[in-house]
Amino acid sequence: MSTRGFGRVIRLGAINFWRNRWLSLASVLVVGITLFIIGVFFIQGVVIQNTTQAIQDKLDISVYFNDDVDEQVITDIQRSIANRPDVKSVEYITKEKAFEIFQSRPSSEKIKSLITPEDNPLPRSLVIRPSSPQDLEQLAKLFEADRYEALVRRVSYQDNKNVIESLVEASTTVKKNGWILTAVAIILSFILIYNTTRIIIVSRADEIEIMRLVGSTESFVRWPFLIEASLYGVFGALGASGALYVFLQYDLASATPLLSIANFLAPDMLSFYVDHLIIIIAVMIAAGVLIATTMSSFAVRRFVKL
Amino acid sequence: MIDIRNVTKSYSRSSNPKQRILALDDINLEIGKGEFVNLVGPSGAGKSTLIRLLIAEERPDEGSILVSKRDIARLRTKDLPYYRRKIGVVFQDFKLLPVKTVWENIAFALEVSDAASSDIQDRVPKILTMVGLGDKGQNYPSELSGGERQRVAIARAMIHSPRILIADEPTGNLDPTTTWEIVELLERIHRSGTTVILATHDKAVVDKLRKRVIVIEHGRVVSDEKIGRYIVPGEA
């Protein structure tokens, strides 16, 4: 098709989009809802991934040893723990190292002066990083065994436990719900766009016949339908992008538990969305156009006999 | 110009697909360049089938249809649009696009053939003037009378300056006065050198035109006279 012809089919498609505006609106809504659902789960997935990763990197168990424990015992424990598959790394913090860490902390000079290298009450410890957050608890439990009772002063990991657990749970649920809802949304929008195009084709059977009789080529008949469908995609994507913003900005996630399990992530999701606004809208438009034109061309191939 | 040789066409009966109905039975016709031909005969005689074959809406079972020495019975699907741009066709029900203005309806036939916009701007007003609708370009078909709609259809058919104009019962929906206006327009088109094929039921039109009359009945050519009258065998 020539450039001029292409310009004409775009104009025809746009005119048809407007003249069938109620059907168009329905299709735009369905594409928009589909993209919105995909968008929520995608952003949520990314944010959960990032947050989990960030917390996971900071995640560790500190096992503090009594001062009377022989250093050899501690390094033996370090070696045996390091070989476990659920352990990423084990670091031995000596009294000197603990002192350095203490001094580097942002606290007042008065407090800092309480401890000196000569008079150092800070215990030695092993800092254990688990391979995955789920391993945290079982690693901590190891040190509840009787043989450690005389050696270990304290095991600390409790602080982050709840956050980690809810994150792990959230990411699993979000992934599962996300897939199901996204699949349902895509199937629904396929069915609706297919039927919309079919209705339009059937209602315009006369028009298509006339187009053929005055010498339209096949592509001149088909392209306006694809243009029309592309417009569903574009407007659906723009609508979905706007809806996503409102959804995140006003924290509607907490009102829709099915869509968002981890609604405490909303602020992070909003900043991710704003930071990646252009790429998100571009991907949404591409996905919307792809979904809409695929279904439309199925319907056109099936119902436009040339 | 048009050479129809041994053309046979049958349809399967919808109630019994195995049973065939013979619509055209070994038709032979030759239509010369610049002729005005009336195609007459009762309903179901095969006129419409012949028209559909001529505009390549359907293909014959047997035989060939040569238009400008080209067998349109063997046109490839992708060549059909280009053939249709070379012939003008007018129907009883006008077949105008209701959501387009008169101007757009006519321009559309040029747009699909990739004509330049300047060309469209130039030709549409001329053809509208020719059919006497110079001031109706911005009207929609629903705002026009039957006769005016048929003029729009004729204008659209003639916009490519085709050498053949095929009119299938163009006056079938029109009152007598309007009928004569349309017939006069067809004669004018004929005088400018276009071959016109007019399929009609209208005895008065045929008798007044005093042009070649081909009578089709039961799928056969039963009469073909140079300057004929509307005669249905058995009635004469």
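The values are calculated or read from the model by the stated rules, or taken from the named source; none is laboratory data. Remember, it's a predicted structure, so these values are computed and weren't measured experimentally. Because the Cβ atoms are built from the backbone with ideal geometry, glycine has one as well, and the counts that use them run over all protein chains shown.
Which residue is modelled with the lowest pLDDT, if the candidates are limited to segment A:181-216 and must be surrounded by fewer than 16 Cβ atoms within 10 Å (Cβ to Cβ) and within 14 Å of chain B (Cβ to nearest Cβ)? Among those residues, the one meeting the criterion is A:Ser203.
Considering only segment B:63-92, state which residues are of a type in the set (S, T, N, Q), farther than 19 Å from B:Met1 by Cα and more than 8 Å from chain A (Cβ to nearest Cβ). Spell out how you get there, then give the answer.
Step one: list which residues in segment B:63-92 are of a type in the set (S, T, N, Q), which gives B:64, B:68, B:77, B:92.
From what is left, the residues that are farther than 19 Å from B:Met1 by Cα are B:77, B:92.
Residue satisfying the conditions is B:Gln92 alone.
On the stretch given as segment A:217-244, residues that are more than 14 Å from chain B (Cβ to nearest Cβ) and not in a helix (DSSP H, G or I) total 0.
Scanning segment B:126-137 for residues that are surrounded by 14 or more Cβ atoms within 10 Å (Cβ to Cβ) and either in contact with a strand residue (DSSP E or B) (Cβ under 9 Å, 6 or more places away or on another chain) or part of a helix (DSSP H, G or I) (or both) gives B:Ile127, B:Leu128, B:Met130.
Examine segment B:33-41 for a residue that is outside any strand (DSSP E or B), within 24 Å of B:Tyr11 (Cβ to Cβ), in contact (Cβ under 8 Å) with a residue 12 or more places away in the chain and within 14 Å of chain A (Cβ to nearest Cβ), and state whether such a residue exists.
No: segment B:33-41 contains no residue that is outside any strand (DSSP E or B), within 24 Å of B:Tyr11 (Cβ to Cβ), in contact (Cβ under 8 Å) with a residue 12 or more places away in the chain and within 14 Å of chain A (Cβ to nearest Cβ).
Could you tell me whether segment A:245-252 includes any residue that is crowded, with 16+ Cβ neighbours inside 10 Å, in the same structural domain as A:Val9 (by TED's automatic domain parsing) and modelled with pLDDT of 90 or more? No, every residue in segment A:245-252 fails to be crowded, with 16+ Cβ neighbours inside 10 Å, in the same structural domain as A:Val9 (by TED's automatic domain parsing) and modelled with pLDDT of 90 or more.
Within segment B:93-106, restricting attention to residues that are at the interface with chain A (Cβ under 10 Å from one of its Cβ atoms) and part of a helix (DSSP H, G or I), which residue is surrounded by the fewest Cβ atoms within 10 Å (Cβ to Cβ)?
First pass over segment B:93-106, keeping only residues at the interface with chain A (Cβ under 10 Å from one of its Cβ atoms): B:93-100, B:104-106.
Subsequent filtering for residues that are part of a helix (DSSP H, G or I) retains B:104-106.
Values: B:Glu104: 17, B:Asn105: 27, B:Ile106: 29.
Once the filter is applied, the top-ranked residue is B:Glu104.
All conditions but one from (1) free of Cβ contacts under 8 Å to residues at least 60 places away in the same chain; (2) acidic (Asp, Glu); (3) part of a helix (DSSP H, G or I) apply to B:Glu187; the one that does not is (1). Against the conditions (1) under 27 Å from B:Thr8 (Cα atoms); (2) part of a loop (DSSP other than H, G, I, E, B), B:Ala167 satisfies every one except (2). Checked against (1) under 20 Å from the mean Cα position of the chain (by Cα); (2) assigned to a helix (DSSP H, G or I); (3) crowded, with 18+ Cβ neighbours inside 10 Å, B:Tyr82 meets all criteria but (3). The residues in segment B:138-157 that are surrounded by 22 or more Cβ atoms within 10 Å (Cβ to Cβ) and within 14 Å of another protein chain (Cβ to nearest Cβ) can be counted, and the count is 7. Among the residues of segment B:107-123, not one is more than 10 Å from chain A (Cβ to nearest Cβ) and outside any helix (DSSP H, G or I). Annotation note: of A:Val174, A:Val155, the sole residue that is at pLDDT 80 or above, out of contact with any Ser or Thr (no Cβ under 6 Å at 6 or more places or on another chain) and surrounded by 17 or more Cβ atoms within 10 Å (Cβ to Cβ) is A:Val155. Checking each residue in segment A:2-28 for being part of a helix (DSSP H, G or I), at the interface with chain B (Cβ under 10 Å from one of its Cβ atoms) and small (Gly, Ala, Ser) picks out A:Gly5, A:Gly7.
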